[in-house]
Amino acid sequence: MNSEATQLMDSPEKLYTIGTVSKLTGVGAITLRAWERRYDLITPVRKESGHRLYTRKHIDQINRITSLTSQGMRISQIRPDMLEVTNTESSEEGSRHRDHWDESLDAMIASIVDFDEHRLESVYNQALAIAPIEEVTAKLVQPLLRSLGARWKSGEGSIAEEHFFSFILRNRLGAQFHHRSRRANGPYLLVACLPGEMHEIALQVFALSAHNSGYRILSLGASMPLEEIAYVAEKKKCDAIVLSGSVEPDLQVIEQDLAKLVSQADIPVFVGGQSSVAVCDAINKTGAIALGQDISTGLKRLNDALKTD
């Protein structure tokens, strides 16, 4: 192993097998090896045994490749420098895009520090005017939440800042969801947060994205007891269940409660968000399907699993 690989092996960062990464991204192991050997796009960590291990950054890069190829770019045209999640189709355009997102991020942080609701909503609305909600979430909302968390940990910020932002964004997304068009006629999804998960933002964004893709949505919101979900899904004749979590869940919830839900439900059960990355193997062992953290990739895998157009 090289020095970088040795550092990763010795670091507390979690590493994932190629099989786990294939399940999270929907990209087969043979394809991942080809991207590494033929195109030098992904460089996994190598154990002494030769087995490949991947970091969460690698997973983000693989999702980026999938996104670029789905837009019509050939794999041979993709360069390693294009795989940063803030980049777009060309480095020049990506530079301009990064500047725009950085400016928006700075403006939103300033608004939150001043508890300026009007300015905060104005910046957020401007972002939505030029990009879809999935992109705004990935490039603005998620970095903003990380920045607020860092401010709180360092003592520079406060929990009040994070609560202020979360309350406004939750209401904003809730209003968008409430006023969505009722014309969707695709598969019916029951969506809910895992037990103990009180942050609904990721679930709301997924629900809006799924609705925009034609799905009908029944949302049960935050911290939903898994033992009640199968009954609701059967009563409403749902086609699939999608659960969301942003933290590593208690393994008992996965190994016992999720496994019981899978056995009771006659429909597919999916788990998305950071929780699905943290305990991907445990989720898949129950018969549920880990979707990963990337919403676009998760929707594609959901489409493939349910065989929707």
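Considering the stretch 50-72 alone, what residues qualify as being modelled with pLDDT of 80 or more and either of a type in the set (Phe, Trp, Tyr) or assigned to a loop (DSSP other than H, G, I, E, B) (or both)?
Residues satisfying the conditions are His51, Tyr54, Thr55.
Specify which of the listed residues (Gly174, Gly196) is part of a loop (DSSP other than H, G, I, E, B) and either modelled with pLDDT under 90 or among the small types (Gly, Ala, Ser) (or both).
Numbers: Gly174 fails: part of a loop (DSSP other than H, G, I, E, B).
Only one candidate qualifies: Gly196.
Tell me, please, whether a residue that is surrounded by fewer than 16 Cβ atoms within 10 Å (Cβ to Cβ), at pLDDT below 85, of a type outside the set (Ser, Thr, Tyr) and assigned to a helix (DSSP H, G or I) can be found in the stretch 9-30.
yes
Checking Thr297 against (1) in contact (Cβ under 8 Å) with a residue 40 or more places away in the chain; (2) over 21 Å from Val136 (Cα atoms), only one condition comes out false. Which one?
Failing condition for Thr297: (2).
What residue, of Gly298, Gly221, is crowded, with 20+ Cβ neighbours inside 10 Å and either β-branched (Val, Ile, Thr) or under 20 Å from the mean Cα position of the chain (by Cα) (or both)?
Working: Gly221 fails: crowded, with 20+ Cβ neighbours inside 10 Å.
Exactly one of Gly298, Gly221 is crowded, with 20+ Cβ neighbours inside 10 Å and either β-branched (Val, Ile, Thr) or under 20 Å from the mean Cα position of the chain (by Cα) (or both), namely Gly298.
Whether any residue in the stretch 267-276 is surrounded by fewer than 23 Cβ atoms within 10 Å (Cβ to Cβ) and without any contact (Cβ under 8 Å) to a residue 12 or more places away in the chain is what I want to check.
no
Mind checking which pairs have a first residue in the stretch 152-174 that is of a type in the set (S, T, N, Q) and a second that is buried (at least 18 other Cβ atoms within 10 Å of the Cβ) and part of a helix (DSSP H, G or I), Cβ under 7 Å, 6 or more apart or different chains?
Partner pairs satisfying both residue conditions: Ser166/Ile201.
Within the stretch 184-206, can one find any residue that is over 18 Å from the mean Cα position of the chain (by Cα) and among the polar types (S, T, N, Q)?
Looking for residues that are over 18 Å from the mean Cα position of the chain (by Cα) and among the polar types (S, T, N, Q), one finds at least one in the stretch 184-206, hence yes.
Taking the stated definitions as given, is Gly214 more than 24 Å from Asn303 (Cβ to Cβ) and of a type in the set (Gly, Ala, Ser)? Break it down stepwise before answering.
On the way: more than 24 Å from Asn303 (Cβ to Cβ): no; of a type in the set (Gly, Ala, Ser): yes.
Criteria not met by Gly214.
Of everything in the stretch 278-295 that's within 11 Å of the chain's Cα centre (by Cα) and not small (Gly, Ala, Ser), which residue is nearest to Ser22 (Cα to Cα)?
Looking at residues that are within 11 Å of the chain's Cα centre (by Cα) and not small (Gly, Ala, Ser), I get Leu291.
Is it the case that Gln142 is free of Cβ contacts under 8 Å to residues at least 60 places away in the same chain and crowded, with 20+ Cβ neighbours inside 10 Å? Talk me through it step by step, then tell me what you get.
On the way: free of Cβ contacts under 8 Å to residues at least 60 places away in the same chain: yes; crowded, with 20+ Cβ neighbours inside 10 Å: no.
Spelling it out, it is not the case that Gln142 is free of Cβ contacts under 8 Å to residues at least 60 places away in the same chain and crowded, with 20+ Cβ neighbours inside 10 Å.
So if I check each of Ala184, Ala210, Ala160, which one is modelled with pLDDT under 75 and aliphatic (A, V, I, L, M)? I'd like the intermediate steps shown before the answer.
Values: Ala210 fails: modelled with pLDDT under 75; Ala160 fails: modelled with pLDDT under 75.
Going through Ala184, Ala210, Ala160 in turn, the sole match is Ala184.
Could you name every one of the helices (runs of 4 or more DSSP H) located completely within the stretch 220-297 that has at least 1 residues being among the charged types (D, E, K, R)?
Details: elements: 229-235, 259-264, 274-278, 280-285.
Once the helices (runs of 4 or more DSSP H) in the stretch 220-297 are filtered for at least 1 residues that are among the charged types (D, E, K, R), what remains is 229-235, 259-264, 280-285.
The values are calculated or read from the model by the stated rules, or taken from the named source; none is laboratory data. If you're wondering where the values come from, they're calculated on a predicted model, not measured in any experiment. Please note: Cβ atoms are built from the backbone with ideal geometry, for glycine as well, and neighbour counts cover all protein chains shown.
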